[in-house]
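J.: Okay, here's the structure, questions in a sec.
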2 protein chains.
Amino acid sequence: MQHDDLAPVWIAGEWRAAAAIGSFNAENPATGEALSARYPVSDWADIDAALEAAARAFDDLQAMPARAIAGFLNAYADRIDAEAAAICETAAEETGLPASPRLREIELPRTTGQLRQAAAAALDPSWRLPVIDEAANIRSVLEPLGPVVVFGPNNFPLAFNGVSGGDFAAAIAAGNPVIAKAHSTHPGTCRRLAECAEGAVRETGMPAGTVQMLFGLRREDGVRLAGDPRLGAAAFTGSRTAGMALKAAADVVGKPVYLEMSSVNPVAILPGALEERAAEIVDELVTSALMGTGQFCTNPGLIFLVRGAATDTFLAELADRYNAAPCGTLLGKGAQRGLVEGIEALIAAGAEVLCGARPAARPGYAWSNTLLRVSGARFLEAAEALQTEAFGNATLAVVAESRAQLPALLARCEGNLTGCVYSARDGRDDADYEPVARALRPRVGRLLNDKMPTGVAVSPAMNHGGPFPATGHPHFTAVGLPAAMRRFTRLACYDNVRPERLPEALRMRNGGG
Amino acid sequence: MQHDDLAPVWIAGEWRAAAAIGSFNAENPATGEALSARYPVSDWADIDAALEAAARAFDDLQAMPARAIAGFLNAYADRIDAEAAAICETAAEETGLPASPRLREIELPRTTGQLRQAAAAALDPSWRLPVIDEAANIRSVLEPLGPVVVFGPNNFPLAFNGVSGGDFAAAIAAGNPVIAKAHSTHPGTCRRLAECAEGAVRETGMPAGTVQMLFGLRREDGVRLAGDPRLGAAAFTGSRTAGMALKAAADVVGKPVYLEMSSVNPVAILPGALEERAAEIVDELVTSALMGTGQFCTNPGLIFLVRGAATDTFLAELADRYNAAPCGTLLGKGAQRGLVEGIEALIAAGAEVLCGARPAARPGYAWSNTLLRVSGARFLEAAEALQTEAFGNATLAVVAESRAQLPALLARCEGNLTGCVYSARDGRDDADYEPVARALRPRVGRLLNDKMPTGVAVSPAMNHGGPFPATGHPHFTAVGLPAAMRRFTRLACYDNVRPERLPEALRMRNGGG
């Protein structure tokens, strides 16, 4: 293995040659061409060194005030802003996502906004939910867990990146060091971000090992890492298969593992809404379903409608719009394979092709915009197979026999990040809303009315989470501060502890400041 | 199988003959004699029926106001109070715990107090952590998860019973139906409590299936139950082996599972404290370690001291006191087997017997009060084996080579519910406190100063939880309201949902009432 042409890994505060057992390169998915930079696949020795450095950093971080952590997060956001053009250029090359507006005007500001919000959240001790029982002399507070490994996804190279995204920001803000695993489709983006992080670490005097970055890992090493006792928690966004392997390893050693896996995001469109505003809803659905080539965690992949002429017209119009829309770039070879396999599984389960389901007439990784249809009766027979995630620009419409069948169909949905109900504004769907919403509510993390699910506002009230298999635990959210920080904490109780030995957040009296 | 002499199970609002595949009886552990009542081991059909009834009850419960749930909890507490004498008589017979004061004056009032606290907590919507973002029109709130199965332990037949204890109260208060699995050592106590619950369910008009009770289950059926998709969550208090089997089943289907398993509850006694008040500390340790024959989750099983004459004197005095104290009753055959195996494992790992480690000279299930000693050097060599839980009246003293070795020893501790540090009142131990506490803090749910860990106050600030293997997730507590209720919830977000369709807790404006 020649090491001198390989990118270094960032361990214990230094960019150093990896203990490489292989290498890989990214591709430009818009063309399918290999990019020249080569990145290492690390041996366990690198992971081990990162875990040791993270444990030391955690010790040091615990002694640092919240304002130091906030200072780092703000400095990091500033450096990302300063390097925005270069970061977005690299990210566009590696992901096929448009540099502008998607990356430069939308995702990058969201990313730096999240980092700054996390900084602000870290400064307000209320996020720790301190509880002080003066009579019993018992106090409790949330405290950081320890080193967190973050495995980012392919679809948001900035806002969900392991070294800059929501999980990263939440873990750091809660006081934990992060070991970031770069996604193999955009290692150059990860490296650019990590360099900004390194500058901010140095500038603000954070412990070496507060942030570290590894590029490639053997699958078995990634799993071993998720179950390493030195870790506080793991966070992962990606496929169900990979997520479940990490979860199994973490579960055995009782480590929290936060997963965002598959979600088809059901949308129920009640008949009155279709009568009232079909054209509007077609617009909203096309925009939401094809945005980013459908590669959003909250992409509306499963649409429930009620049989009738209006539904046929709606689907015909939708197919026309899908046919007319350009086929976007998929995030890479793996993304294309996953999409195609997903579409094939849906067809094998009984879905009929209304449009697409064939290669796109363009270079690079792409597939034609695909609309599928299946009956409610068939959905009841093969509900699991018909919820196979076809991650990308594909949509399955399930046509219920009647309004009355809708709740029964929705009750067969697996756990999802979101669920939407469109109903008429004039109240004519109101009798159907309640049973439909009742079926959907326990199965989704976020219930929407008259609105498509893409667009995850960075709001303290947001839930970007949901029942399994959308995530691994329905109590927690990956977006929305301070709630997202609480994932990376343990409850710590102080019983009869002498006042001068209490952590700062517990020294104040209830109601005091 | 003759069914007419078997106790019935409580399913879907009716006490009915079990689909029995076997039966069992309890024993009086004070004498080892079998008790006459026979209880069924249920076939899966009973579990299936209970799951179906619980799912229906959950639907109905979601439509009920918090005051209905609170009314039920209060009515149930009143009925337990009214039947207190009979309940405690049965519990004493089945567990060997003294009817008075332990059961009648301590555990029963704690149990009804928990139920009433849970009722009060249910009435205050702040437990749901509602967050309202009016600008974005997004709101989130904690909502109940669905049916919860509670497997109670052997050691608190009332306060942690699956049908009356802390997990039960928290799950119900959060709006979930409970399927209670009776512990095989005290089925008659469970039945008496369930009869009180039944009266309260009827009196307050709760859905049939709000509370259900099963007695025996095949091991594989218990595991299958914990992984049933109709379940919202499982809660378990007991052995690590059983807990891990339930956890594995629940983890595969992504269901929250809350476990309280093993904990040896390290106590570090710094040399200054021993110089200052050895006699006081001996008193506290003997009381705490032998209370309830040491069968408390927070029993101080592992004592860390520093080598020296004072420590030798302390241990000699402790051994005298252990020898002089009566040997209490163990909770049954399984408890005795577990204790003896635990002591044997500690001896095999290098612990020296200072006293006990032999059968008790009395009838029934009992073992002599046991004190073991091992060096710090040996503890470092066999840390895992020397943390084998010997649940009962056994204590292992680890004698560090020096003050400086203490943090290194404590850093080898597994996750525990509690950790204590005794230090001199006059400050002479202060230089050692910080490194000792720093090693202990991330490894325990509750850190105590100058106080033994038994006695888990029902305080909103309590944490009865901790890192694995003490529990399965360090963010949550089993005692302390409202935090304990949050285990049985999912985060539910409402995005652009029309105002009249919002749950009650989200209709108010921020800061409004």
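The values are calculated or read from the model by the stated rules, or taken from the named source; none is laboratory data. Keep in mind it's a predicted model, so treat the numbers as computed, not measured. Cβ placement follows ideal geometry from the backbone for every residue including glycine, while neighbour counts extend to all protein chains displayed.
J.: Are any residues in region A:213-244 in a helix (DSSP H, G or I) and away from every other protein chain (no Cβ under 12 Å), and if so, which ones? Reasoning before the result, please.
T.: Kept after step one, since they are in a helix (DSSP H, G or I), are these residues of region A:213-244: A:219-226, A:240-244.
The answer is A:R219, A:E220, A:D221, A:G222, A:V223, A:R224, A:L225, A:A226, A:T241, A:A242.
J.: Residues B:R102, B:R16, B:R38: which one is basic (K, R) and under 18 Å from B:A197 (Cα atoms)? Walk me through it before giving the result.
T.: Numbers: B:R102 fails: under 18 Å from B:A197 (Cα atoms); B:R38 fails: under 18 Å from B:A197 (Cα atoms).
Criteria check complete, one pass: B:R16.
J.: For region A:438-454, which residues satisfy the criterion of being outside any helix (DSSP H, G or I) and within 9 Å of another protein chain (Cβ to nearest Cβ)?
T.: Across region A:438-454, the qualifying residues are A:V444, A:G445, A:R446, A:L447, A:L448, A:N449, A:D450, A:K451, A:P453.
J.: Related question: Going by what's in this entry, would B:T311 be described as over 26 Å from B:L440 (Cβ atoms), in contact with a helix residue (DSSP H, G or I) (Cβ under 9 Å, 6 or more places away or on another chain), touching a residue at least 60 places away in the same chain (Cβ under 8 Å) and crowded, with 17+ Cβ neighbours inside 10 Å? Break it down into steps so the answer makes sense when it comes.
T.: Details: over 26 Å from B:L440 (Cβ atoms): no; in contact with a helix residue (DSSP H, G or I) (Cβ under 9 Å, 6 or more places away or on another chain): yes; touching a residue at least 60 places away in the same chain (Cβ under 8 Å): yes; crowded, with 17+ Cβ neighbours inside 10 Å: yes.
No; evaluated as a whole, the condition is false for this residue.
J.: Separate question: Determine whether B:R403 is surrounded by fewer than 24 Cβ atoms within 10 Å (Cβ to Cβ), within 12 Å of another protein chain (Cβ to nearest Cβ) and more than 22 Å from B:S239 (Cα to Cα). Even if it seems obvious, please write down each step before you answer.
T.: Details: surrounded by fewer than 24 Cβ atoms within 10 Å (Cβ to Cβ): yes; within 12 Å of another protein chain (Cβ to nearest Cβ): no; more than 22 Å from B:S239 (Cα to Cα): yes.
So B:R403 does not fit the description; no.
Let's see how each residue does on (1) touching a Leu at 6+ places or on another chain (Cβ under 8 Å); (2) buried (at least 19 other Cβ atoms within 10 Å of the Cβ):
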{"position": "A:D432", "(1), (2)": "yes, yes"}
{"position": "A:N463", "(1), (2)": "yes, yes"}
{"position": "A:P469", "(1), (2)": "no, yes"}
{"position": "A:A478", "(1), (2)": "no, yes"}
{"position": "A:A483", "(1), (2)": "yes, yes"}
{"position": "A:R486", "(1), (2)": "yes, yes"}
{"position": "A:R498", "(1), (2)": "no, no"}
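J.: Within the bounds of region A:146-157, is there any residue that is within 22 Å of A:A84 (Cβ to Cβ), in the same structural domain as A:Q62 (by TED's automatic domain parsing) and among the small types (G, A, S)?
T.: Within region A:146-157, the subset within 22 Å of A:A84 (Cβ to Cβ) is A:150, A:152-157.
Applying the additional criterion that residues be in the same structural domain as A:Q62 (by TED's automatic domain parsing) yields A:150, A:152-157.
Going one step further and asking which of them are among the small types (G, A, S), we end up with A:152.
Yes - at least one qualifying residue is present in region A:146-157.
J.: If you don't mind, another one. Go through A:T418, A:T454 for me and flag whichever is β-branched (V, I, T), surrounded by fewer than 23 Cβ atoms within 10 Å (Cβ to Cβ) and touching a residue at least 24 places away in the same chain (Cβ under 8 Å). Can you show your working first?
T.: Working: A:T418 fails: surrounded by fewer than 23 Cβ atoms within 10 Å (Cβ to Cβ).
Step by step, each of A:T418, A:T454 is checked, and only A:T454 is β-branched (V, I, T), surrounded by fewer than 23 Cβ atoms within 10 Å (Cβ to Cβ) and touching a residue at least 24 places away in the same chain (Cβ under 8 Å).
J.: Let me ask something additional. Go through region B:406-422 residue by residue and tally those that are touching an Asp or Glu at 6+ places or on another chain (Cβ under 8 Å) and more than 14 Å from chain A (Cβ to nearest Cβ).
T.: Of the residues in region B:406-422, 1 are touching an Asp or Glu at 6+ places or on another chain (Cβ under 8 Å) and more than 14 Å from chain A (Cβ to nearest Cβ).
J.: Follow-up. If you go through region B:64-72 one residue at a time, do you hit one that is farther than 20 Å from B:P503 by Cα, over 20 Å from the mean Cα position of the chain (by Cα) and surrounded by fewer than 18 Cβ atoms within 10 Å (Cβ to Cβ)? Walk me through it before giving the result.
T.: In the first step, residues of region B:64-72 are kept if they are farther than 20 Å from B:P503 by Cα; the result is B:71-72.
Those left that are additionally over 20 Å from the mean Cα position of the chain (by Cα): B:71-72.
Those still in the list that are surrounded by fewer than 18 Cβ atoms within 10 Å (Cβ to Cβ) too: none.
The answer is no; no qualifying residue exists.
J.: Of all residues in region B:111-130, which are buried (at least 19 other Cβ atoms within 10 Å of the Cβ) and under 21 Å from B:A197 (Cβ atoms)?
T.: Hits for region B:111-130 are B:T111, B:T112, B:Q114, B:L115, B:Q117, B:A118, B:A119, B:A121, B:A122.
J.: Then there's this: Scanning region B:466-502 for residues that are out of contact with any Gly (no Cβ under 7 Å at 6 or more places or on another chain), among the aliphatic types (A, V, I, L, M) and assigned to a helix (DSSP H, G or I), which turns out farthest from the other protein chains (Cβ to nearest Cβ)?
T.: It comes out as B:M485.
J.: Next question. Assuming A:G328 fulfils every condition listed in (1) within 24 Å of the chain's Cα centre (by Cα); (2) farther than 30 Å from A:R277 by Cβ apart from one, which condition is it?
T.: (2)
J.: Out of A:G472, A:G445, A:G465, which single residue is free of Cβ contacts under 8 Å to residues at least 40 places away in the same chain and within 25 Å of B:G146 (Cα to Cα)? Break it down into steps so the answer makes sense when it comes.
T.: Details: A:G472 fails: free of Cβ contacts under 8 Å to residues at least 40 places away in the same chain; A:G465 fails: free of Cβ contacts under 8 Å to residues at least 40 places away in the same chain.
Answer to the selection: A:G445.
J.: Somewhere in region B:458-465, is a residue more than 7 Å from chain A (Cβ to nearest Cβ) and either charged (D, E, K, R) or in a loop (DSSP other than H, G, I, E, B) (or both)?
T.: First, pick out the residues of region B:458-465 that are more than 7 Å from chain A (Cβ to nearest Cβ): B:458, B:464.
Checking the rest, the ones that are also either charged (D, E, K, R) or in a loop (DSSP other than H, G, I, E, B) (or both) come to B:458, B:464.
For region B:458-465, residues more than 7 Å from chain A (Cβ to nearest Cβ) and either charged (D, E, K, R) or in a loop (DSSP other than H, G, I, E, B) (or both): present.
J.: So, restricting to helices (runs of 4 or more DSSP H) that lie completely within region A:33-141, which ones have at least 2 residues that are among the basic types (K, R), within 29 Å of A:D221 (Cα to Cα) and away from every other protein chain (no Cβ under 14 Å)?
T.: Details: elements: A:44-62, A:66-82, A:84-95, A:108-123.
Correct list: empty, since no element meets the threshold.
J.: Mind checking whether some residue in region B:423-437 is more than 9 Å from every other protein chain (Cβ to nearest Cβ), touching a Gly at 6+ places or on another chain (Cβ under 9 Å) and under 26 Å from A:V253 (Cα atoms)?
T.: Checking region B:423-437: not a single residue is more than 9 Å from every other protein chain (Cβ to nearest Cβ), touching a Gly at 6+ places or on another chain (Cβ under 9 Å) and under 26 Å from A:V253 (Cα atoms).
J.: Tell me the residue from B:A84, B:A49, B:A34, B:A30 that is crowded, with 16+ Cβ neighbours inside 10 Å and in contact with a strand residue (DSSP E or B) (Cβ under 8 Å, 6 or more places away or on another chain), please. Walk me through how you get there before you give the answer.
T.: On the way: B:A84 fails: in contact with a strand residue (DSSP E or B) (Cβ under 8 Å, 6 or more places away or on another chain); B:A34 fails: crowded, with 16+ Cβ neighbours inside 10 Å; B:A30 fails: in contact with a strand residue (DSSP E or B) (Cβ under 8 Å, 6 or more places away or on another chain).
Checking each option against the conditions leaves just B:A49.
Here's the yes/no breakdown for (1) without any contact (Cβ under 8 Å) to a residue 40 or more places away in the chain; (2) assigned to a loop (DSSP other than H, G, I, E, B); (3) crowded, with 20+ Cβ neighbours inside 10 Å; (4) within 12 Å of chain B (Cβ to nearest Cβ):
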{"site": "A:A250", "(1), (2), (3), (4)": "yes, no, yes, yes"}
{"site": "A:K255", "(1), (2), (3), (4)": "yes, yes, yes, yes"}
{"site": "A:L259", "(1), (2), (3), (4)": "no, no, yes, yes"}
{"site": "A:V264", "(1), (2), (3), (4)": "no, yes, yes, no"}
{"site": "A:G272", "(1), (2), (3), (4)": "no, no, yes, no"}
{"site": "A:E276", "(1), (2), (3), (4)": "no, no, no, no"}
{"site": "A:E280", "(1), (2), (3), (4)": "yes, no, no, no"}
{"site": "A:F304", "(1), (2), (3), (4)": "no, no, yes, no"}
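J.: Among the residues of region B:316-325, is there at least one that is surrounded by fewer than 21 Cβ atoms within 10 Å (Cβ to Cβ) and under 24 Å from B:A99 (Cα atoms)?
T.: Yes, some residue in region B:316-325 is surrounded by fewer than 21 Cβ atoms within 10 Å (Cβ to Cβ) and under 24 Å from B:A99 (Cα atoms).
J.: Is it the case, given these coordinates, that B:R191 is surrounded by fewer than 20 Cβ atoms within 10 Å (Cβ to Cβ), away from every other protein chain (no Cβ under 14 Å) and among the basic types (K, R)?
T.: Values: surrounded by fewer than 20 Cβ atoms within 10 Å (Cβ to Cβ): no; away from every other protein chain (no Cβ under 14 Å): yes; among the basic types (K, R): yes.
Considered against the rule, which asks whether it is surrounded by fewer than 20 Cβ atoms within 10 Å (Cβ to Cβ), away from every other protein chain (no Cβ under 14 Å) and among the basic types (K, R), B:R191 comes out as no.
J.: Right, next: Can you tell me which residue among B:A180, B:A248 is of a type outside the set (K, R), under 22 Å from A:H473 (Cβ atoms) and not assigned by TED's automatic domain parsing to the domain that holds B:G294? Break it down into steps so the answer makes sense when it comes.
T.: Details: B:A180 fails: under 22 Å from A:H473 (Cβ atoms).
Just a single option satisfies the conditions, and that option is B:A248.
J.: Shifting gears a bit: Restricted to region A:155-169, and to residues that are in a loop (DSSP other than H, G, I, E, B) and touching a strand residue (DSSP E or B) at 6+ places or on another chain (Cβ under 9 Å), which residue is surrounded by the most Cβ atoms within 10 Å (Cβ to Cβ)? Break it down into steps so the answer makes sense when it comes.
T.: Initial filter on region A:155-169 (in a loop (DSSP other than H, G, I, E, B)): A:155-165.
From what is left, the residues that are touching a strand residue (DSSP E or B) at 6+ places or on another chain (Cβ under 9 Å) are A:155-156, A:160-165.
On the way: A:N155: 25, A:F156: 27, A:F160: 30, A:N161: 27, A:G162: 29, A:V163: 27, A:S164: 34, A:G165: 28.
Taking the candidates together, the pick is A:S164.
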